[in-house]
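Worksheet: the structure to be examined is printed underneath.
Quick note: the coordinates plus some simple rules give every number you see, no bench work behind them. Predicted model only: the values in this text are computed from it and were never measured. Cβ placement follows ideal geometry from the backbone for every residue including glycine, while neighbour counts extend to all protein chains displayed.
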Amino acid sequence: MTLRVYNTLTRKKEEFVPIEPGKVKMYVCGPTVYNYIHIGNGRPVIFFDVVRRYLESQKYEVTYITNFTDVDDKMIRKAEELAVTVPELAETFIQAFLDDVKTLGVHDATLNPRVTENIQEIIDFIAALVEKDFAYEARGDVYYRTSKFAEYGKLSNQNLEELQYGIRIEVDDRKESPQDFVLWKAAKPGEIYWDSPWGQGRPGWHIECSAMVRKYLGETIDIHGGGQDLTFPHHECEIAQTEAVTGHPMANYWLHNAFLNIDNEKMSKSLGNGILIRDLVKQIKPQVFRFFMLSAHYRNPLNFSDESLKQASNALDRIQNAYDNLKHRLTTASATSEIESALTDRLAAIASQFDDKMNDDFNTPDAITAVFDLVAEANLYLQQERVNTAALQLFLDQLQAFDQTLGILSQQTDELLDEEIEQLIIERTESRKSKNWARADEIRDLLTEKGIFLEDTPQGIRWRRK
Ligand code: AMP
Ligand code: ZN
């Protein structure tokens with residue numbers, strides 16, 4: 001089955017065909033770095049990490065770019081409040097973001113470009129829009145002329161008249177039309193600024209993504225992502241900017257995640273119910289939060305509550321226990337390379353079930369069902385008295401393969417438990433007695449590799465750790 005993804009632009013599931021075979025260019029809008037990220041921000045971060053990991057598991061070479069908005073109105077206000085400079089504020093929260101997402105097991109992006117490193121590209125982009133008459137200067141500001149872009153509204157499925165509705169017209173408005181949006185903002189006295197053909201100022205929000213996508217990925221990319229609130233106006237404006245300049249689609253597939261609510265309420269500043277990722281991971285394992293995020297389809301709302309976290313934690317324990325048990329039994333199992341073909345077939349069927357679900361618009365909750373099928377098979381196998389290394393390894397490899405995509409397992413230390421060491425020593429002594437030198441050597445090598453030293457004493461074999 002080939003991968004199909006729901007495209008916000010066409011409002012249907014489509015077969016995923018990359019621009020260049022074997023490669024995926026992907027851009028996800030990143031945070032404005034003026035505070036710590038909350039659990040809602042974790043949803044796009046984790047979901048798009050899973051998309052990227054899954055594509056990589058399918059042997060795509062993925063270029064994954066996610067930006068930092070390190071200058072804007074919110075940054076300027078917060079820096080003032082804290083009596084620091086905007087770059088100082090940005091540095092603090094960029095580091096905090098990177099730490100938080102690392103804790104969540106999110107793989108590093110190929111690149112995290114920042115607005116302040118791309119001012120020239122942004123100015124060039126705006127100049128190209130002005131040149132083509134898609135933008136106009138007004139007293140030091142520059143605005144996008146939405147009436148000139150016939151397809152404005154195509155992503156969020158609205159037309160210009162509908163958009164006009166309800167937009168408040170400010171008295172001091174420099175815009176020709178209320179739905180025009182700002183590309184360049186004139187600096188007020190004391191604000192951070194850069195020189196431009198329109199005077200001193202800073203970029204508006206939407207333009208950075210158009211400039212960065214073009215610079216780092218090219219005119220058309222495969223996947224553009226973000227939370228559903230970004231569909232309008234942010235992504236609509238990105239499309240208007242890019243497509244007016246390049247004449248090509250900005251992205252072939254637009255993916256948006258639904259929101260995370262807390263106790264069935266919207267997370268909001270006024271309700272004061274936001275929870276920071278860094279506070280959450282003091283209470284629960286980050287893997288539990290990841291598992292919880294993936295337990296709903298990304299286009300469905302997800303409710304965060306003590307109860308739903310508890311459920312996630314219990315379910316994940318079942319997977320983790322099976323994984324740990326397989327690993328433990330591996331150290332004492334008899335070595336063989338033979339596997340029953342029925343087992344190989346069963347595991348292959350489970351693996352393709354997982355892929356089928358992921359191929360269906362990244363249906364992670366159903367893909368997790370395949371992981372539980374594997375766990376059930378593994379538990380059945382582990383009930384047997386005699387297990388062999390080949391079968392155990394097959395189970396482990398499959399679980400690890402799933403985890404390459406999901407990132408929900410904790411890696412235990414590889415250390416042997418005391419009773420495992422003693423068990424191995426007994427087995428080694430018995431192997432020698434029965435002249436099974438190969439098994440005896442194998443056990444000695446395993447123990448050496450794990451840093452366990454054996455000593456022959458008149459009282460028998462003693463062991464110690466390195
Ligand atoms: P913001 O900090 O609001 O600019 O959001 C950064 C990213 O997190 C964007 O992709 C938002 O769509 C996403 N986001 C913010 N709040 C939530 C939420 N409660 N649930 C899911 N995604 C969210
Ligand atoms: Zn963006």
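Details
- Rounded to the nearest 20 debye, dipole of region 418-465 from Cβ charges on Lys, Arg, Asp, Glu: 200
- For ASP70, the residues whose amide H sits under 5 Å from its own are VAL115, THR116, ignoring neighbours fewer than 5 places away on the same chain, with H placed 1.01 Å from N.
- The 3J(HN,Hα) values that the Karplus relation (6.51, -1.76, 1.60; θ = phi - 60°) gives for region 273-283 are, in residue order, 9, x, 10, 7, 4, 5, 7, 4, 6, 7, 9 Hz. Gly and Pro appear as x.
- For LYS466, the lysines whose Cα falls under 18 Å of its own Cα, not counting residues fewer than eight places away in the same chain, are LYS450.
- Close amide H contacts of GLY227 (hydrogens built in the peptide plane, cut-off under 5 Å, sequence separation of 5 or more or a different chain): ASN257.
- Helix 389-406 and the longest principal axis of the C-alpha atoms of the chain enclose an angle of approximately 10°.
- Computed about its Cα centre, the charge dipole of the chain is approximately 500 debye, with only Lys, Arg, Asp and Glu carrying charge at their Cβ.
- Measuring against 28 Å, Cα to Cα, the residue pairs LYS23/LYS132; LYS74/LYS266; LYS13/LYS74; LYS25/LYS175 contain LYS23/LYS132; LYS13/LYS74; LYS25/LYS175 as the ones spanning a longer distance.
- Helix 341-359 and the long axis of the chain differ in direction by around 10°, with both axes built from C-alpha atoms.
- The 3J(HN,Hα) values that the Karplus relation (6.51, -1.76, 1.60; θ = phi - 60°) gives for region 244-251 are, in residue order, 5, 7, 8, x, 10, x, 6, 9 Hz. Gly and Pro appear as x.
- Hits among aspartates and glutamates - C-alpha to C-alpha of LYS78 under 16 Å, sequence gap 8 or more where chains match: ASP70, GLU88, GLU91, GLU191
- Farthest toward positive dipole pole in the chain [+1 Lys/Arg, -1 Asp/Glu at C-beta], among ILE319, LEU160, LEU417: LEU417
- When the Cα positions of TYR381, LEU396, LEU330 are compared along the charge dipole of region 314-404, LEU330 comes out farthest toward the positive end, with charges on each C-beta of Lys, Arg, Asp and Glu.
- Region 314-404 - charge dipole about Cα centre, Lys and Arg +1 at Cβ, Asp and Glu -1, debye rounded to 20: 400
- Per-residue Karplus couplings for region 103-108, computed as 6.51 cos²θ - 1.76 cosθ + 1.60 with θ equal to phi - 60°, are listed in order as 4, 7, x, 7, 5, 4 Hz, Gly and Pro entered as x.
- Taking a point 7 Å out from the Cα of ALA335 in the direction of its Cβ, the residues of region 361-401 whose backbone N falls within less than 17 Å of it are 387-394.
- One decimal place: the segment ASP441-GLN158 gains 94.6 nm when fully extended, by the rule 0.36 nm per residue minus the C-alpha distance.
- One Cα centroid belongs to region 309-339, the other to region 194-231; the line between them spans 46 Å.
- Packing, taken as the mean count of other beta carbons within 10 Å per residue, orders the peptides 70-81, 186-197, 250-261 from highest to lowest as 250-261, 70-81, 186-197.
- Per-residue [θ]222 nm for the chain (sum of -39500 (n - 2.57) over DSSP H runs n ≥ 4, rounded to 500): -14500 deg cm²/dmol
- Residues whose amide H comes within less than 5 Å of that of VAL24, counting only those at least five positions distant or on another chain, are GLU61, VAL62, THR63 (H built at 1.01 Å from N in the peptide plane).
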